[in-house]
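One structure is given here, and the rest of the page talks about it.
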Amino acid sequence: MDFALPADLVRFQERVRQFVQEELQPLDAEVEATGRVPERALEGLRRLGLFGTNTPREYGGLGLSMLGSCLAIEELAKAHVAFYFLSGVNVHIGSKPVELAGSEALKRRWLPELASGRTIAAFALTEQEAGSDAAAIRTTARRDATGDYVLEGAKTYITNAPVAGLFTVFATGDPALGAKGIAAFLVEAGTPGLQIGRTIEMAAGRGSAHAELILDGCRVPAGNRLGEEGTGFALAMRCLDAGRTHWGAYCVGAAQRLLDLAVERASARETFGRRLREHQGIEWMLADMAAALHAARLVAYEAAWRYDQNGPGERTRAAATSKLIGADMVQRVADAALQIFGGAGYSRELPVERIWRETRVVRILDGSSEMMRRIVARDLFRAADRRNAAR
């Protein structure tokens, strides 16, 4: 078993690391203060191809493996989360629906736009009464005499909605069918009947926006349907597998930034005539942080490898496991880092409390930690049932 990363991916990761340190991290405080991502940061993200790391080369992306994409995201996570919401989220739940289920015409039309960052996409699945229970969505898709679809309903907490040029909207043809009644549609911003509702202020993530999406008689050509009717729920889950794999890597990157800051603080700060790092209690805190991070990194890399190598079942469980472990790990690391910094860590003068707030959401979005546990447990049950049936 070889744990060494491929040399070409290591070189790319180092390029992204340098970019993040030199061009993005110096903007963190500005983004947090103004709630806006400067154009020069967007230009840099586009220059490095970070809007399309995992998008195939033939459609304008970098064509990286999922492992390569995760290595880039691990570095991107060391800067303000707004940079990731705009570019990294665009890679998985933004462009993945088109890549996985779009017609060739839709792929040619939209994937180069998304991979270049000229257009940002949004994933419109969540509703006020359909979060973890995504099959319970009530937004409807009715086909009329012209062959077009008419969408009616409302979505909420839609990341990037105010700046998106393209939406993947999930709607049901018959709510009684549950998951089997859902279809997915591409809807371009500006389409009559598509409105951006109120922007929802979150605890963290300034510089990125989450908003309601209102569909009121929104007419969509049949050619904009992604896949067949009834396949939308399965498509959403495939996209979320990619998203969860990316979020596992994001947690690793954010935790590494926190650990680096904590080690630096413990090396510089003195109490009772000794540096913090010379107190055994602090040593143990740092060691626990490093051990938890190392374990989560191995799980994240394995999930990315399985995404590249294995079928849907293996991908789904590995992605859920990585997000579950990463989300819990990064919150423990963030809490320990804040404790090591003391009052300074709780203040907004340093990045620790911001990262603490930013990483809390990973236990909720793209499937809560409770849902990740459900996915893993049900996979365990299926495996046990297969073993018992073979006896």
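The values are calculated or read from the model by the stated rules, or taken from the named source; none is laboratory data. Note that the coordinates shown come from a computational prediction; the quantities given were computed from them, not determined experimentally. Here the Cβ positions follow ideal geometry from the backbone for every residue, glycine too, while neighbour counts run over all protein chains shown. These accessible areas exclude ligands, DNA and RNA; they are computed on the full protein's heavy atoms, side chains included. Shrake-Rupley method; radii C 1.70, N 1.55, O 1.52, S 1.80 Å.
Please give the net charge around Glu152, taking every other residue with its beta carbon less than 14 angstrom from that of Glu152, where Lys and Arg add +1 and Asp and Glu add -1.
Local charge sum for Glu152: 0.
Net charge in the neighbourhood of Met372 (other residues with Cβ under 14 Å of its Cβ; Lys, Arg +1, Asp, Glu -1) is +3. Counting Cα-Cα pairs of the range 154-299 in 10 Å increments starting at 0 gives whole-percent bin shares of 10, 25, 24, 17, 13, 9, 3, 0. D by Stokes-Einstein for the range 99-163, Kirkwood Rh over Cα pairs, 20 °C, 1.002 mPa s: 152 µm²/s. Going 7 Å from the Cα of Met237 along its beta-carbon direction, which residues of the range 160-180 have the amide nitrogen within less than 20 Å of the resulting point? Only 169-180 fall inside the zone, counting backbone N under 20 Å.
Can you tell me the FRET efficiency between Arg373 and Arg15 if r is taken as the Cβ-Cβ distance and R0 is 56 Å, rounded to the nearest 0.05? Result of the calculation: an efficiency of 0.95.
Electrostatic bookkeeping for Ala136 treats Lys and Arg as +1 and Asp and Glu as -1; over the other residues with beta carbon under 12 Å from its beta carbon, the sum is -2. Of all stretches in the chain that contain no chymotrypsin sites (Phe, Trp or Tyr not before Pro) in a DSSP loop with at most 12 other Cβ atoms within 10 Å, the longest one is 4-271.
Entry note, the range 287-391: relative contact order of 26 percent, from Cα contacts under 8 Å with a spacing of 6+ residues. So if we plug the beta-carbon distance of Asp133 and Arg357 into 1/(1 + (r/R0)^6) with R0 = 22 Å, what FRET efficiency do we get, rounded to 0.05? The value I calculate is 0.25.
Summarise the long-distance tail of P(r) for the range 151-220 by giving the % of C-alpha pairs beyond 14 Å.
Within the range 151-220, distances greater than 14 Å cover 60 percent of Cα pairs.
For Cα pairs less than 8 Å apart in space and 6+ apart in sequence, what is the mean separation divided by the residue count of the range 25-155, i.e. the relative contact order in percent? List each step's numbers first, then the result.
Working: 159 pairs, mean separation 27.0, N = 131.
Result for the range 25-155 is 21 percent.
Normalising the Debye intensity of the range 12-125 to I(0), with uniform scatterers on Cα atoms only, and taking log10 at q = 0.18, 0.22 Å⁻¹ returns -0.84, -1.18. Between Lys180 and Ala295, the contour length at 0.36 nm per residue exceeds the alpha carbon distance by 37.6 nm. Sorted into 10 angstrom bins from 0, the C-alpha pair distances of the range 296-352 split as 24, 33, 21, 17, 5 percent.
Mean separation of Cα pairs under 8 Å and 6 or more residues apart, divided by the residue count, gives the chain a relative contact order of 15 percent.
Overall dimensions of the range 241-391, expressed as equivalent-ellipsoid semi-axes from the Cα gyration tensor (√(5λ), whole Å, largest first), are 36, 15, 12. Roughly how many whole Å is it from the C-alpha centroid of the range 275-333 to that of the range 19-82? Between the Cα centres of the range 275-333 and the range 19-82 lies a distance of 22 Å. Antiparallel beta bridges, as assigned by DSSP with both residues in the chain, represent about 85 percent of the total such bridges. Solvent exposure of the range 1-91, expressed per residue, is 42 Å² of accessible area, with all protein chains present and a 1.4 angstrom probe. The apolar share of the surface of the chain, taken as the fraction of accessible area on carbon and sulfur atoms (1.4 Å probe, ligands and nucleic acids excluded), comes to 51 percent. In this rough spin-label picture, where each label sits 7 Å from Cα along the Cβ direction, the Ala389-Thr199 distance is 5.1 nm. Can you give the Rg to Rh ratio for the chain, taking only C-alpha atoms and Rh from Kirkwood? Answer for the chain: 0.99.
Ignoring ligands, DNA and RNA, what accessible area per residue does the range 231-390 give at 1.4 Å, in Å²? Using a 1.4 Å probe on heavy atoms only, each residue of the range 231-390 averages 48 Å².
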